[in-house]
Structures are given as structure tokens and as C-alpha cells.
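Each value in this text was obtained by applying a stated rule to the coordinates, not by laboratory testing. Predicted model only: the values in this text are computed from it and were never measured. As a convention, Cβ positions derive from the backbone with ideal geometry for all residues, glycine included, and neighbour counts pool all protein chains shown.
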Amino acid sequence: MTYARTDLTTPPPLAEGALRIIPLGGLGEVGRNMTVFEYGGRLLIVDCGVLFPEEHHPGVDLILPDFEAIRDRLDDVEALVLTHGHEDHIGASPYLLRERQDIPLVGSKLTLALLDSKLREHRLKQTVHHEVKEGDRIAFGPFDLEFVAVNHSIPDALAVAIRTGAGMVLHTGDFKMDQLPLDGRITDLRAFARLGEEGVDLFLTDSTNAEVPGFTTHEKSIGPVLDRAFYKSEQRIIAACFASHVHRVQQILDAAVTHNRKVAYVGRSMVRNMQIAKDLGYLTVPDGVLVDAKELAKLPPERQVLISTGSQGEPLSALSRIAQRTHSFVDLEEGDTVILASSLIPGNETSVYRVINGLQKLGANVVHKGNALVHVSGHASAGELLYCYNIVKPRNVMPVHGEVRHLRANADLAIETGVPAENVVLTEDGYVVDLVDGKASVVGKVECGHVFVDGRTVGGASESSLKDRRILAEEGFISIITVVDFETKQVVKGPEIVARGFAEEESTFDQVKPQIIKGLEAALADGVTDAYTLQQNTRRVIGRWVNKAHRRRPMIVPVVMEIGHERCG
């Protein structure tokens, strides 16, 4: 198994006839999927998604791939191929298109429609679209693309085979092998086998569920569980799921019809996405079942169903606001049923359970993945991945889409099916892989960090600023202002201490104030005459004291001023 080494530097120039693969997101994390392919001096991008922030990203709204590695080569991009319409695959596209708006976009009908709504939000003009479906074959520069139907937790997902002079790459996108999908559209294993017979030189495979044994449960299995939850509920039902999970919403709508309930959507993204899905024929809404949320409130509780966003505990989502009793028109009543019909994205567990606790505190009956089969994954489990390796028989494998543990588990599966260990490439974001003469190997590394969207600012937050925010949130803040006289070498005023995150009593810092004065006057006596050195002296004194007294490491901002005129470091 080939591991990406940490000592790699800038990759060498691409050899003639070789294909280069640069993952800029999605390897070592669940989300932010983006892969760049280079051949013959031209570039092809597959997916451009976002990563949603976790609790250690305070103030961050979205996390984007780092475009820096290709920023000066955007004119070389032939197309942006989007495998499906989830945010972690299309959400960063508007930010890329801000830098070059005429990049051709390639995707299925639903994927492009969902992206168009995002582009309108970003006030970007219509771009060049190439709508494709399974079986289509289209070329962009030196890249000959063929699209294959795959089943996922959103309709219209596609795998893509990329043919170049260096060989063929098969990129699965996100997929599973549900044999009983709601829309009847299964993963086209015959096409996978045909491509395998032609010769797949590099297989990029979804790793998200590689640790899970067996096969992923059918989406249809959720139907009877929803039906049972509806049957048992005597009051209002609130069902929360991803705003793009058309099949899950379809099953909730069907259950509502069966139990003579009306349905309303809550949450802007849910309303928008389900309208798009309905207009394009991916969602069947029976006549009379869908009403406005405020109209729904006029019906008896046993006739109401709300389909909401917020299944991941997002603080500003509809469900979180309902749990906090801050929603503008939904007031939870004791005995209402809340169904969390989604998975727990790694890192969101605390937020989700906080919402569940809040809902149960208000008297709701909460049905979630921990106590009922109200969610199945959209990703292939180990049994399905083994099946794919056996029919594709790739020469080289590069696991994608997942944390390191997922990538490693996927690599092990490939080796079990007979792929030579030296032909399995385990890598992470930023590492450069070249396919030369039928062999894939890591050849270098490009700078590839996280780009944070903070409000309207892209890249405004940095890792160091996030560290400061975490310190402020977790450890507190102390500001110390002292006035000194350099001539008499004495502290003439202060220290005045303002703190946040500590006890509010004025006496809290009485013990340390004499220590600060003693330290400053000792430094002045030693001939120190600059404010910066004195400020560092103050920081050390109060830092040691607060760590010993309170076991905390707060942000400390000392200010030392000279009598008569300010001298601030």
C-alpha cells in the first residue's frame, strides 16, 4: 500500500502522456469534495463542495476547498463535473465561479437545477450548462467523459469514467447499491463491468461506509417504520431530514396521505429544494396534501405534519429554533412526535443530542436513528465495495471521500480482492498522484488548507484566529491596563483588570495585582524602557497566576502606558 509521505514537496513537471490527480478536498474528511485532473496541459474538476463547521470552528459558516493550487490556471479548466447535488459536492461551486464565471458546468438535470438556485443566491449570471444523463458520452478537451447511473440518497447521481491518453479513471462519486430504490434507478453494475473489461487504470471509490460490514439497508425499509410512527402519534408530527433527501421526503408524504394528514415544509432550503424536485418530476406530491405552514396550524394537531430542516442540530435551523421555543410560528406541544430521519454526521453528535434533549424537555416523543430505523445510509458498505472491486478489476485504486480510517478500510478491501498492495494509493488533500504507464504513485504535494467563510468574508478567518476564538469561548479573556512612570520607575496607576469568563466579584484578581506591580517595578529598576517588554512581563505574571489558581489559559491582553503620553505595544 502506497502512503503519502509527509516530507514531499512541490511535484515535478507533469511528464508527457501522464495524468495527474490532485485532491483538494474530501480525503481525510467527510465533505468538501473536489478533485482536479490534469492531462496535456488542461484541467478537469470533479465536484466542488463545502464542509460544514464543527464546534471547534466558532463563527465559521462554511469551509471551502483551497483553490490556490489552480488559481493561476483557471483558464486551463475545461469543465466542472458535478456527480450529484449534495452540498458537500456542489456547495463551493459559486465561490469557484466567482473567480472564473464561464467554466462549463456538467451534471444531471436535478444537480444543475439545485446548483442554479445557489448561483441565483450568489447573484451569479447563468453559466454554460451541459446536462447529461447515464449513458451519455461527451468530450472536453483531452478528457472523454462517460456517465454511469449510481444510486445514492439523492436522485440523479452519476459516476464518471474519464478517458485520456494515460488511461481510464472511474470515479464513483457517492454511491450505494440499493436493489429496491424508490425511483427504480439502480447502480449500473453492467456498465461498471463493461468499463472494467475495457480496462480501468485508476478506480476512485467512495469510502464513507467502508468500515461497515455487509450491504447498506434499502431505503424502502424506512417506509413501515414511518408508518408505525404515524399510527402511534395522536398529535402533530415534525419530521426532520436533509433538505436534499427527496426520497426521504417522498416517504414522509406517502405516510401523511395514508394517515389523512396535511403537510407543510419548514426551512428555506427545504421549501426551495422540494419545489425544484417536484417541478422536475423527482418528487410526487399528491393533490391537496401540501399546504402553507400557517394554514397547517389551523388544522387539528392530529392532521398536521411538518417536514423540517435541522436534523444535524444546526443552531439556526428550523428544528433547533423549535426546540428552543424561538421559532416564529411553530410552538411544540407536549405529546408531539419529532422524527429525526437522518444520519449523524461525525462531529455533530453533541449538537444533535442537545436538540433531542431540548425537544424531550418540552414533552415531545423523539424518534431517531438510535431507537428506530428512520435512516439508512446513502453510501456503499464493505460488501458492496468488494462487489465493485471484483467486477471492475482496476489496476490501481485510490480511495476517496472519507476520513483516514474510512480510506484505510477501503484500501484494505481493495487488497482483499486482489489489487496489488503497491497499486493502492492512500493519500490526503493536497497530495499529487500521477498515473504513468499504468502505475499510480504519489509524486509531491501542493499547499492545501481550509478556506473559511466567515459571514460574507471568504478566507477572513485563519487557523490562528479560530484558535483565539476557541480560547475566548473556552478559557476566557483578561485585559490589564497599567500606567508607569519611567523616570521614577514606579507603577502610578493600576493595574485595572477587566475579565470575561471569570467570577464577577471585584476581589477576584486582588491577589495577583501586587505581583503585577512588583514584576513591573523590578523590570523598570533593571532599566527596561519599552512598553512591549513590560507587557510581556505582565502577561507572564498573570498567566502563571491564573493557571495555578483557576486552571485556565485565557486570552491575556496587557497594555502598559507611560505617564504623560501613551506608549502602547
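Projecting the Cα atoms of Leu8, Val546, Ala149 onto the charge dipole of the chain, computed from C-beta unit charges around the Cα centre, puts Val546 farthest toward the positive end. Taking a point 7 Å from the Cα of Arg98 along the Cα-to-Cβ direction, the residues of region 126-142 with backbone N closer than 20 Å to it are 126-128.
Could you tell me the distance between the Cα centroids of region 398-450 and region 326-396, to the nearest Å? If you average the Cα positions of each part, the centres end up 29 Å apart.
P(r) tail for the chain, what percent of Cα pairs lie past 41 Å? For the chain, the share of Cα pairs beyond 41 Å comes to 36 percent. Sparse packing (at most 16 other Cβ atoms within 10 Å of the Cβ) combined with a DSSP loop state is found for the following trypsin sites (Lys or Arg not before Pro) in region 364-441: Lys369. Looking at region 385-447, the GluC sites (Glu not before Pro) that sit in a DSSP loop and have at most 14 other Cβ atoms within 10 Å of their own Cβ are Glu447.
Which of the trypsin sites (Lys or Arg not before Pro) across region 209-307 are loop residues per DSSP, with 12 or fewer other Cβ within 10 Å? For trypsin sites (Lys or Arg not before Pro) across region 209-307 that sit outside H, G, I, E and B with at most 12 neighbouring Cβ atoms in 10 Å, the list reads Lys298.
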